[in-house]
Amino acid sequence: MAKNLVIVESPAKAKTISPYLGKDFKVLSSVGHIRNIVKKTKDGTPPIDTANGFKATYEIDSEKKKVVAELRKAVKEAKTVWLATDEDREGEAIAWHLCEVLKLDPKKTNRLAFHEITKEAVLAAIKNPRTVDMDLVKAQQARQILDRLVGFELSPVVWQKVPGGKSAGRVQSPAVRLIVEREREIEAFESSAVFKVTAEFKLTDNTLIKAELPKRFDTEKQAQAFLESLLGATFSVSDITTSPSTRNPSAPFTTSTLQQEANSRLGFGSRATMAAAQRLYQEGKITYMRTDSVNLSSQALGQMTTYIKNEFGESYHQYRTFKTKTSGAQEAHEAIRPTDVKTAKASSDEYDQKLYDLIRRRTLASQMAAAQLEKTTITITISTIQEKFEAKGEVILFDGFLKVYGTNKKEDDILPPLKSGEKLTLNTANARQSFARPPARYTEGSLVKKLEDLGIGRPSTYATIISTVQARGYVEKGESEGTPRDVIVLNLAQNRIKREIVQEKTGSDRGKLVPTASGKVISDFLTGHFDQVVDYGFTANVEEDFDSIATGKLERDKMLRNFYAPFHELIEKSGNIKRSEVAQAREIGTDPKTNKPIYARFGRFGPMLQRGSQDDEEKPTFAPLPEGTTLDTVNLEQALEMFKLPRAVGTTEAGEPIKANIGRFGPYIQVGKLFISIKPKDPFEITETEARELYADKLKAEAAKNIADFGAVKVLNGRFGPYVTDGSKNAKIPKDIDPKTLTEAQAKALLDKAPAKKSRFAKKKK
């Protein structure tokens, strides 16, 4: 029997630590949090008593009861208990909950703190244990209690007042507001165009050199006149300037910068990045992945100094220390780095290895010499006019840290050696229409950076914020590659100018965060009625208050009272908010056929078009929004097209009519009571032949699903295997019975034995 019991929060961490400690130690896992604030108390009292020191009522998670029972048994058998949960607020809270549930004294129980899972770090922690830091626990409690209070009190208001509203979160709501505001900036952006001129010159040895005219032209006429001035002109190098420059490496990764760079370089979302980092940490490959710090330990710096000098040479090493910018940085231990920089292969998982490689290269680069560059600008004169072309290039004289980290930027062309006065021959020149770009939509990486800049959220919350706003349907990842746009190009070649129209894609939102109509409505509602919840400065101040609680500078209950009193007052006043005023319909015109107004409005299932008024004797008719439009942008012409649906496509071979339409889940065709999705086809364009093929495929699928049909009773193939149904009851067919041989009497007998279907709204018996 082991004398010592070590409790960690994950099985993977337990597996890594166990071999380091030997036979006198038993390592078990709590498998994350074991307790949470109850949703409803048994006696009907509030889960959080706001009138009595914000006392929260906790309960053991139902799926953790077996884990807790095993831990209780192990605690009784052990002489000493060690709590080795993660060294941050969440980890500290788990340690405190374990003390509460396992009847351990938090002031006496050994708490192990280490930010990397290596043998040296774990054994050092065993020699220097501490106790549970109740200030950190209180900071975590304050965050959880505030988030629950906002959820408990604000979400019901959202359900009642906001069409399609699901819930509201204290930190997620400002994130939605950011994305909505950026989208409106894009919608309000008025594009303008100029003509940009580029040219290609030929040297005597036929080498080509690219150059650009710094001046831009406002009109096609001006661009045309400039190109005409090049006809018959001579060109020569009038000036060559070179300037040395230096590029320094960035600091090693924090949680925020890791998510940004993994998104930019690897295309990883925040959630995927943190999941991969968690696995690498638990396997002992990297230091703790939730940190604001850019510091590196003296041991790590020494290890990297030796490695860089041995691997690349003395000239590539440069000792550096970085200062953490974040005021009162939470969990400020070390930056994210490899536990052993010599290890190049850390995981057999492709995604984990890619992230590890990025972390390793960034850490090494931070201790390497700056890259030495030389920037060159060649000025080319035109004999006929005073305008001049410029050719720019960059040469890497010494790669320094770029040897391991490379660069995200596309390097300019390396220019050939030229002399002042050297003659050049114009090969081609073109003036291309260039449109001003609207503000860029947020990616997951750029949103994390913005949240960090504003002080909203902390390292442990960024991934959750981004996944939550998408799960609630307020934000989605864009999939559009953009729409075609005509671009004028004037080409000068072989002494003649040719005009052509080319197409380019504009407005791509693929992989970007785009607010849904529901997201816009909820953001406007909260901004108008609960500004405290979505105000950026207020949210950042709350985060600073959590930091103050964590360092013992602020009382938990005082901070909670300061937030809750004005918030609850707004909740009490919310009864005066009229639902009809929350998502007001926008009248976009009148239907010329019916003379009825057409509105763009938000309904129960999202944005839609409405023809007619609720006050009319005849009920209004509805249609979906056209693809690519929003409630703010859809016009009358587009709306009238949608009211032509459902469209008669033709008939089946049996003569049944086929209709095409758009529903909640996208475009479909309907034959009788059968609905068939036609994604990605257009209901306005689908042909009778295409519709018949889809209908035939659907019938085949239905036939495969139907094993036997006895009228009221059917034998079907389902997701979990064959079963019998009469529409009100289902009965699974035992594995030893062939469903194809089942008789009607046998099917009915199975149904008689099966329990009745539970009503979706049935009350649970106490």
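All of the numbers you see were taken from the coordinates with simple rules; none came from a lab. What you are looking at is a predicted structure, and each value in this text was computed from that prediction instead of being measured. Positions of Cβ are backbone-derived with ideal geometry, glycine not excepted, and every protein chain shown enters the neighbour counts.
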- request: Select one label from [x] 38.9, 140; [y] 30.8, 103; [z] 33.3, 102: the one whose number is Rg and Dmax of the Cα atoms in Å as derived from the coordinates shown.
  value: [z]
query: Among the listed pairs 388/419; 73/103; 79/285; 15/64; 202/419; 596/673, which are separated by more than 23 Å between their Cα atoms?
result: 79/285; 596/673
statement: Residues 159, 82, 96 in order from fewest to most other beta-carbon atoms within 10 Å are 159, 82, 96
- prompt: With respect to the cross-link table entries 23/108; 3/107; 66/354; 512/679; 166/679, which display a Cα-Cα separation exceeding 30 Å?
  reply: 66/354
- prompt: If you keep only loop residues by DSSP, which trypsin sites (Lys or Arg not before Pro) in the range 418-520 have at most 15 other Cβ atoms within 10 Å of their Cβ?
  reply: 419
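At a Förster distance of 45 Å, what's the computed FRET efficiency of residue 204 paired with residue 344, Cβ-Cβ distance as r, to 0.05?
Working: r = 48 Å, r/R0 = 1.06.
About 0.40, to the nearest 0.05.
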- request: Find the relative contact order for the range 4-132 and round it to a whole percent, using C-alpha pairs within less than 8 Å whose residues are 6+ positions apart.
  value: 26 percent
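Can you give the local net charge around residue 587? Use residues other than it whose beta-carbon is closer than 12 angstrom to its beta-carbon, Lys and Arg +1, Asp and Glu -1. Can you show the working numbers first?
Numbers: positive: 586, 596, 601, 611; negative: 591.
Overall, the nearby charge balance is +3.
Relative contact order for the chain: what percent, with Cα pairs under 8 Å and sequence separation of 6 or more? Intermediate results must be reported in sequence, preceding the final value.
Numbers: 1356 pairs, mean separation 87.7, N = 766.
Value for the chain: 11 percent.
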query: Using alpha carbon centroids, what distance separates the range 70-97 and the range 124-187, in Å?
result: 26 Å
message: With only alpha-carbon pairs counted, each pair once and no self-pairs, how large is the Kirkwood hydrodynamic radius of the range 4-132 in angstroms?
response: 15.5 Å
task: For the range 522-627, run through the chymotrypsin sites (Phe, Trp or Tyr not before Pro) and keep only the ones in DSSP coil with at most 15 other Cβ atoms within 10 Å of their Cβ.
output: 605
query: Label residue 704 and residue 633 with points 7 Å out from Cα along Cα→Cβ: what is the distance between them in nm?
result: 3.9 nm
- request: Please figure out what share of the DSSP beta bridges in the range 1-122 is antiparallel and state it in percent, rounded to the nearest 5.
  value: 30 percent
- request: Report the relative contact order of the range 277-391, percent, no decimals, based on alpha-carbon pairs under 8 angstrom and at least 6 residues apart.
  value: 30 percent
